[in-house]
Amino acid sequence: ETRPSSSSFPGRVVSNYGSCGGARAGGADFVREAPRAEEREQVRCPGGAEVLQTNNGPSLRGLTTIATHLVKQAKKEQLLGSTAEEKAIVQQWLEYRVTQIAGHSNEEDIRIILKDLNLYLEDKVYLARNNLTLADILMYYGLHHIIAELTVQEKEKYLNVSRWFNHIQHYPGIRQHLSNIVFMKNRLYTNPH
Amino acid sequence: MPLNPPLSLGPGLLGLGSSALMPHAFPSAGHVVPFLTHPRVPALHLDSGTVLFSPNAICQYFFLLAGEEPNDLTNQWLEWEATELQPAVSRALYCHLVQGKKGGEVLGAIRKTLTYIDQSLTSKATPYLAGEAESVADIVLWATLFPVLRDESCLPDELQALRSWFQTMNLSEPCRSAAVSVLTPKGAQAFKVYLQKQPGPILHWEKPAANEPEEEELAERSLSEEEIAAAAEAWARGPAALPERWQPPSPVLPVEGRRNVLITSALPYVNNVPHLGNIIGCVLSADVFARYCRLRNWNTLYVCGTDEYGTATETKALEEGLTPQQICDKYNAIHVQIYRWFDISFDYFGRTTTTQQTTIAQDIFQRLLARNMLLTDTVDQLRCERCQRFLADRFVEGTCPFCNYEEARGDQCDKCGKLINAVELKKPQCKVCKDSPVVKSSQHLFLDLPQLEERLEKWLEQSWATGNWTANSRFITRSWIRDGLKPRCITRDLKWGTPVPLDGFRDKVFYVWFDAPIGYLSITANYTDQWERWWKNPQQVQLYNFMAKDNVPFHSVIFPCTLLGAEDNYTLVNHLVATEYLNYEDGKFSKSRGVGVFGDMAQDTGIPADIWRFYLLFLRPEGQDSAFSWTDLMLKNNSELLNNLGNFVNRAGMFVCKFFGGRVPPMELGADDKRLLAHVTLELRQYNQLLEKIRIRDALRCILSISRYGNQYIQVNEPWKRIKGHDADRTRAGTVTGVAVNIAALISVMLQPYMPGISATIQRQLCVPQACNVLTDTFLCLLPPGHQIGTVTPLFQKLENEQIEALRKQFGGGQVQAARVASADVTPPGPGGGAVLAGDPQKVKELAEEVAKQADHVRQLKASKAEKGQIDGEVAKLLELKKQLALAEGKTPELPAPKGKRK
C-alpha cells in the first residue's frame, strides 16, 4: 500500500524551526509583513503539511501554493515574475525548492544542490536573473540551515551561492528570526578546491 | 482551446510530470542542462539562453504564452504533482519495469494518490481538475499518469470520476499525439533504461518480508447507492438465478461456443520427490486455477504427468539395480500418491514413457526434418568406456583448468566459480566408476532456432497482447531472444529416451527438453484418442502453462519454435504463468542437507493437506520470492483460519442451530445489511478479476476479507443478545444470522479452489446444495429462509508452539550431519514412511557412530575391489543402520538428492 508520507510535503523542509513555525519561516510570515487584505487567514500544519484556510474559498495546501497565494493577496505580484519566461523560472525554482531541498537530504544531495546552484548563479544576481522573486525568498529559507553548517572553506567553495545568500539575508524583512550567517569578505583559501 | 499550440510543440511535453523520466528527447549521456549535475530531460532552451528543466514549469510557460495565468488551484495541483504524485509514479514504474512486478502491486504504489484525484474530482463535480475547462493541471497530471495507466481500463472501478477524466484526456487530440510520438511503440518500456540506472526507490509501503505484501485491514471503500441497490436486488433473486453447473462428459473435449481451457503443469521429473516449492510452483497453482475454471462453468482439462526419460533416470536405475522403466514405475507411484494427498484435481496424470510419446515426438521430428528446420553438427563429449556411455556434465569431476582445484565439477568449479566446459577439465573422472573418460566426437541434430526466430517473435507479440503472461515470464523470454537465438541440440547419446528415427542417429535419443514438453500432448493422447481437438485447435482452446520461472525459456521459446516449425496448427501457449522461488525458512530447500519439507513428508507432520494448501497459496511466490516459515505457518493457521475464517463460519452456523432450530430464519434487510452485501459483492468481483488474471495469492485475500466483514457484522449486531430481546430484536437477530450463514455458504464456494476439503466440510455442515458450486459476479441468497442445515463443528485446530518447534527442528537439517558422514556412493534407501519418533540423543549418537563405521567399511571393501556379493551385503547393513538413525532422529528416511539440478 502506498503511504504517501506527510514528510514528503514541502513544509517539512523548514520545520526544523518548530512545528508550525516552519511554515512561517518558510515564507508565509514574510508576506504577512506586507500590507494585505483584511481577511483572517490561518496557516495550520496538520501532519506536517501546511494548510491555509482562506475566508472565501477552499483551503490551500502546499508551501509554494500558499506562498504564491499570499503574494497575490499582498499585491506583490512582481515577486512572481513579470514576463512569461520569468514566471516560468520562478515556478521552476519553487518546485526545485520543494522537491530537491527536502528536510532530510543527505550530504551527497546537499553537495550536489550547492554545486548546481553555484554554477547557475555564476552570472546571476537572483534566481530569476535581475529581480528578487519569491523563489529567492523560499530558497533562502530552505537553505538557511544548510548554509549555517558550512565551514568557511565550503562557503568559499560555493562562492556564488554565498554571495547570493548574503545578499538575500540582508534584504529588509527577509531574515526575521533566523540567525545572520557570517561570510568572510577576504578569501582565505587560494586554491579553489 | 488555447491548448493546441503549446502541445503541438511536441514530445518534450510528455515527460512533463515524469520529469526526469523522459528517455529520448535528448541523448542520455549529455548534460542537457548545463548547470545541473544530474541529467534532466525534457528541457526547454529559450532564445534568451534560459534553460527550463522542470516539465511543470515548461508547461506553465506554454500556458502563459497562450494567455492563461495560473491560479491557486492549478498551482496547488502542480505542487502536489511534483511532491506527491511524481514520486509515487516513479515508484510504480520502477517496480513494474525494473523489478518486473505486475498490476496490483504496481497500482498499489499509486493507489492513494489516485484516490485523492478521484475524490477531488468527485467533490468538486467538475469535469476537469481546476474547473469546467482544461488547464495546465490536467495536462501535467495526465502526462504523469499516462505511462503507468496507459488507458482507463486498468483503473479500479470504484475510481469512476478519475476514470472518466483520464479517458477524456486520453481521447483529446494533443494528448493522443503526444503519447504516440513519445511512448509508442515501446510503451513504458522506454523508461526502463533510465530507471535501471536509478537506485531502487525507497518503498515505504513494501515490507521486506515477502509474505505480507498488504495491510490486513478492511479499507472502507465508498459504495455508491447504485452498487448497494444492485447488490440487494441480486441477493433477492436467490438460488434460482444461478446458472446451471456445466459438467462436461468424459473425456473432456473442447466444445464449440464454450470457453475451452487447457491447463498444464510443468511435468515433475520422476526421480525427485517434489518439495513444497515444486508443489506450489506448478501442480498446486494449476490446480487452484483448474478448480476455479470449473466453478466458472468453463470447459476445463487439466493434465500433468511425470517426465521420465533422461540421464538421471539411467543413473538412478544403475544405483538401485533396477531397469529405468522399473525406476519410473516406482517413482511415478510416489508422485501420484503425493499429489493425491494434496488433493490435486488432475483430469489425467500420465507419464512420458509411453508409445504415444514416441509416436507424437517422432511425428513432430519428421515434420521438422521435412521442412529443413534441423541442422547437423559434431559435438565433443566425454565418454566413459567402462560405463559404456557419454557423461553428462554432472557425472564428471576433475581438476579445474583455471585454478587447479581438484574437485571441480563438469560444468563449474566450486572454488573459483568459473564455468567449465567438461572436455577442458584436467584429469577428468567418471563420477560413477572413477575411470578416466575419453573425448569422443559425435554427430548431433540441432533445431534451427535462428530460422524460426521471426515467426516466434510474431507469435509472441500476439500472445503477449492477448494473454496473461506473468512479468517474469515476459522478462526471461525477452532476455533470451535479445541475446539472439542459436541452434539448439535436440539429441543425446543415451539409451533411455525417445529414439531418433533417422539413419545415422538411431543409437541416440531426443534430448529431454525437446521431448518433455511433447509430453503434454502425449499425456493428453493417453487420456483421449481425440487429443488433437485440444492440441491442434488454437481457434477454440486457451492454453495455460504453469511452472516455476526456471522453466520459462523452454515453454516460451524452444517448444513454441518446435511447434511453429512443425507447422501443424498446434495450440500454442496463450497464458504463461511462472512463479518465483519459494525458500525454506532463511535458505533454500535442500535434499542433500535434509533441509525443508518434501511432498512425502508433509503428511507425516499431522497437519492436514488443506492447511498446507492454504499456507502455500497464501505465500505463493507471485511477483517475488517468498519464504516458508514454520512460525508464520502457525500464525496464519491460528489467525487467518482459526480466528477469522473458521470462527466466522462456525458462529454463523451455530447461531442457526442454537437460536433457530437449524433452519435459516427469515431476513428483513436494512440499510446496513445491504451495505454489507455490496461490500461482499465487491470482494467477490475482485476475487474473480484476480483469478482471471491468475493472481492466485491475491484472490485468496478476498475470501479472508469477506469473512472479516462477516465477523465484524456479527460483532456489531450481537445476535446472541438480540435473540433474548423483544420481537424487533429477535427479527434483527434472525436477519443477521441468515445473512451471515449465507456469506458462509458463499465462502464455501469461493474457498473450493484453495481448500477443497474444508469447502466440502462447510457445505456438508450447512447442507449447501451441489448446484451452488458455480461462481458468478453476484452474491445470491443461496440458503433461503427455512433451509435446514446440518451439524456444525469447528473447522480448524490450533497449532501449538511446541508442535511447531518440534517440526522446525525435524526439518531444519541440523541433525542430518551425522548421516551425511556416510552419504557417499552407496545405494540410498527408498523414500519409506516410518513412524516419527522423538529423538533419544544417546541413541542417535551411537547410531551415527555405527553408520560412520559401517560406511568406512563399505568404502574400504569397494576400494579393495572386493566381491560384489560381499559389498552388497555390507551396503544393506549400512542402509538398515541409516534407516534406524533417521528414525531415531525423528525424521523420515529420505531419498538422497540427485546431484545437480535437472531442467
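The values are calculated or read from the model by the stated rules, or taken from the named source; none is laboratory data. This is a predicted model, so every value here is computed, not measured. As a convention, Cβ positions derive from the backbone with ideal geometry for all residues, glycine included, and neighbour counts pool all protein chains shown.
How many residues does the stretch B:751-763 hold that are in a helix (DSSP H, G or I) and either without any contact (Cβ under 8 Å) to a residue 40 or more places away in the chain or crowded, with 24+ Cβ neighbours inside 10 Å (or both)?
Looking only at that region, the number is 6.
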Check on A:ILE168, in contact with a Ser or Thr (Cβ under 9 Å, 6 or more places away or on another chain) and either within 27 Å of B:GLN60 (Cα to Cα) or within 12 Å of chain B (Cβ to nearest Cβ) (or both): no
Verdict on B:ALA133 being in contact with a Gly (Cβ under 7 Å, 6 or more places away or on another chain), away from every other protein chain (no Cβ under 14 Å) and small (Gly, Ala, Ser): no
Pairs, first under 21 Å from B:ARG675 (Cβ atoms) in the stretch B:712-725, second of a type in the set (Gly, Ala, Ser) and at pLDDT below 95, C-beta under 9 Å, six or more apart: B:ARG722/B:ALA728
Answer from B:THR306, B:THR313 - the residue that is of a type in the set (S, T, N, Q) and assigned to a strand (DSSP E or B): B:THR306
Selected residue (only one of A:LYS87, A:LYS115, A:LYS124 is out of contact with any strand residue (DSSP E or B) (no Cβ under 6 Å at 6 or more places or on another chain), at the interface with chain B (Cβ under 9 Å from one of its Cβ atoms) and under 22 Å from A:LYS157 (Cα atoms)): A:LYS115
Whichever residue in the stretch B:530-556 is of a type in the set (D, E, K, R) and modelled with pLDDT of 95 or more and, among such residues, is surrounded by the fewest Cβ atoms within 10 Å (Cβ to Cβ): B:LYS536
Output for the stretch B:47-58, where each listed residue is within 9 Å of another protein chain (Cβ to nearest Cβ) and of a type outside the set (Phe, Trp, Tyr): B:SER48, B:THR50, B:LEU52, B:SER54, B:ASN56, B:ALA57, B:ILE58
All positions within the stretch B:695-725 that are part of a loop (DSSP other than H, G, I, E, B) and surrounded by fewer than 20 Cβ atoms within 10 Å (Cβ to Cβ): B:GLU718, B:ILE723, B:LYS724, B:GLY725
From B:THR113, B:THR122, B:THR126, residue being under 13 Å from B:LEU85 (Cα atoms) and of a type outside the set (A, V, I, L, M, F, W, C): B:THR113
Checking B:GLU622 against (1) surrounded by 18 or more Cβ atoms within 10 Å (Cβ to Cβ); (2) under 23 Å from B:GLN763 (Cα atoms), the condition it does not meet: (2)
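Residue-by-condition table, conditions (1) modelled with pLDDT of 90 or more; (2) at the interface with chain A (Cβ under 7 Å from one of its Cβ atoms); (3) crowded, with 22+ Cβ neighbours inside 10 Å:
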| residue | (1), (2), (3) |
| --- | --- |
| B:HIS31 | no, no, no |
| B:GLU68 | yes, no, no |
| B:GLN76 | yes, yes, yes |
| B:TYR94 | no, no, yes |
Some residue of the stretch B:78-87 being modelled with pLDDT of 85 or more, closer than 16 Å to B:LEU195 by Cα and either out of contact with any strand residue (DSSP E or B) (no Cβ under 7 Å at 6 or more places or on another chain) or away from every other protein chain (no Cβ under 14 Å) (or both): yes
